[in-house]
1. Restricting attention to the stretch 241-251, and to residues there that are touching a helix residue (DSSP H, G or I) at 6+ places or on another chain (Cβ under 8 Å) and open to solvent by less than 40 Å² (accessible area, probe 1.4 Å), which single residue is nearest to Leu79 (Cα to Cα)?
2. All but one of (1) open to solvent by 10 Å² or more (accessible area, probe 1.4 Å); (2) among the β-branched types (Val, Ile, Thr); (3) modelled with pLDDT of 95 or more hold for Thr217; state the number of the condition that does not hold.
3. Restricting to the stretch 415-434, name every residue that is more than 16 Å from the chain's Cα centre (by Cα) and within 20 Å of Asp395 (Cβ to Cβ).
4. Identify, please: which residue in the stretch 241-300 is of a type in the set (S, T, N, Q) and within 24 Å of Leu94 (Cβ to Cβ) and is, among those, modelled with the lowest pLDDT?
5. Among the numbered criteria (1) closer than 25 Å to Leu233 by Cα; (2) open to solvent by 10 Å² or more (accessible area, probe 1.4 Å), which single criterion is violated by Leu121?
6. Pick out the one residue from Arg148, Arg153 that is buried (at least 22 other Cβ atoms within 10 Å of the Cβ), over 20 Å from Gln251 (Cβ atoms) and among the charged types (D, E, K, R).
7. State whether one or more residues within the stretch 155-165 are modelled with pLDDT of 95 or more, aliphatic (A, V, I, L, M) and in contact with a His (Cβ under 9 Å, 6 or more places away or on another chain).
8. State yes or no: is Pro232 open to solvent by 10 Å² or more (accessible area, probe 1.4 Å), within 21 Å of Ala248 (Cα to Cα) and in a strand (DSSP E or B)?
Amino acid sequence: MTVSAQSPQSSGSSRFPGPPASSRSAESVPPQGRSPEAASPRGRPEPSAAVAPPSSRTPEPTGPVRIETHPDRPHLTDLRLSAFATHRGAGFPLGSLTLFTGPSGCGKTSALRAYEALARLGAGSAVGEVFPDPVACVPERARPDAQRRRGFRIGCTADGPEGPVRLDVAVQAEPELRIVGERLTSGGLVLLETALRDPSRRSVQAAWHTAGSSPVTRAPLPDDRLGTALLPLRVAGKTDGQRQVLAAAEQMVVALRSVFACDPAPERMRDAVPIGDGRLLRDCGNLADVLWRTRSECGRRHGQLVTAVRTGCAGPVVDILAEPLADGMVRAVLDRGDGLRTGFERLGDGELRYAALALVLLTGPGVLEVDPPGEVPAAMQTLTVLADGLDRGVDVRQRAELLRLAARMCERGHIRLVGAVSDASWATQIDGVTVVDLDP
């Protein structure tokens, strides 16, 4: 499936954090101290200054709807970049295997960066850790409002046992970094909404659905954390409404947390490494340490890895393993048979990237450097691999084999892949691939 997804460029009149120009005549922030009702020229409640209702914000991603075969596993079905880097009013569908494609500068890396940012926020990371350079995420032509504020907006939808759940987040980048608005909705019902009421306080005012003696519960939440991730610690779950909020929040967090962003660095993979915990880093520089662990832990998966490497690497391959050295280090080698071994330092960049990506696709959260929700059974979890430059350095044969391997693994439901490639015309021949074309 190919989806053409164009992201309108921001205009010089855009301001943070108002909605797209199509939904309001001017993107301005209601003055502090005034109620949303007072800020509305029609007398109707306006959305908070941070996040507008889902129906008035970013358009839904277009294209055919893919029927998922594992609805019990929470997973993201779309990514929304209302105002982020080069994207404006953009919505992208996410299948079990999604490839963003387009020329350099079209926003492929930005889309993956936004996905990873949502994942880290869902895991409880502080906004300063997630966005070390927040100004770079602000649309280039965005102008500050009267309070000299600028920022960006991102969101997503997670499907699972609770049905589609939407999350929209507004982040203020200037003059200081903070989360100024958040909205969690399900079936058109607002389950959580936060907004910045007093800029002098390091908190936002939150209201979540209760449906008890009081329809909502209000309380302050910190402005440096995602409120959705904090709800399980703040909501008692005594009423049906509270239980609905908890279920939706937990589904979103589970869908977001198990993400592994991967970009193998061949120059790091050629070096011998010390034996460690055997968890693969995002640059795959410790691949030898991981092989030292996985070769003995799961013979079936290791056999699949050997088969994949044999297909993608030149020359005969009998095995791929870690070889111990006299100084206590280990190096990765290919066993060519007849006693001949080729160290990874002799392999080309394409072979190294191919081998590392194949290993990522054939392992799981216990081997990759991710923080899966330990309280959730493995059968309910889905690991999402983010691979920027998936086709970088690999040849035609290697990229096709990688995608076939990814399609087989993603079909099982426990792993999903979101990658960025310069050209995806070759990928449409493989079943199960969602191609999002960002070509302007």
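1. Checking each candidate, the answer is Ala249.
2. Among (1) open to solvent by 10 Å² or more (accessible area, probe 1.4 Å); (2) among the β-branched types (Val, Ile, Thr); (3) modelled with pLDDT of 95 or more, the lone unmet condition for Thr217 is (3).
3. Val421, Ser422, Asp423, Ala424, Ser425, Trp426, Ala427, Thr428, Gln429, Ile430, Val433
4. Ser258
5. That leaves (2) as the condition not met.
6. Of Arg148, Arg153, the one residue that is buried (at least 22 other Cβ atoms within 10 Å of the Cβ), over 20 Å from Gln251 (Cβ atoms) and among the charged types (D, E, K, R) is Arg153.
7. yes
8. When the stated conditions are applied, Pro232 does not pass them.
The values are calculated or read from the model by the stated rules, or taken from the named source; none is laboratory data. Values in this document were obtained by computation on a predicted structure and should not be read as measured data. Glycine gets a Cβ as well: all are built from the backbone with ideal geometry, and neighbour counts include every protein chain shown. Keep in mind that these areas ignore ligands, DNA and RNA; they rest on the heavy atoms of the full protein, side chains included. Shrake-Rupley method; radii C 1.70, N 1.55, O 1.52, S 1.80 Å.
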